[in-house]
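K.L.:
Following this message is one structure expressed as structure tokens.
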Amino acid sequence: MKKMNMAYRLQLIKEVARRREIEATGDAMSVHIYQLVESQKEAVGVDYKDRTSFVGNHYDEHAGGWVSDDWLSMK
């Protein structure tokens, strides 16, 4: 089994704690809203690297991140 990144583990712990806290309140509306938000996150499921452009920027794997499209016009 591969070791998880510490930041990823911390994120998982926070999500579980948040879910348990919301479920422990017993407030049906907050539980329903939380479930809607979580289901929306799962439905979208698009990785930012999968998008090729975003508002005048594009993701460049070689550069390791988002780069302004203005750099393309300078070449």
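K.L.:
Quick one: count up the residues across the range 19-41 that are among the charged types (D, E, K, R) and either modelled with pLDDT of 85 or more or not in a helix (DSSP H, G or I) (or both).
P.N.:
3
K.L.:
Looking at the range 43-56, is at least one residue over 21 Å from the mean Cα position of the chain (by Cα), open to solvent by 70 Å² or more (accessible area, probe 1.4 Å) and either modelled with pLDDT of 85 or more or at negative phi (or both)?
P.N.:
no
The values are calculated or read from the model by the stated rules, or taken from the named source; none is laboratory data. Since the model is a prediction, treat every value here as computed from it, not as a measurement. When the accessible area is computed, the model is the full protein with side chains, heavy atoms only, and any ligands, DNA or RNA have been set aside. Shrake-Rupley method; radii C 1.70, N 1.55, O 1.52, S 1.80 Å.
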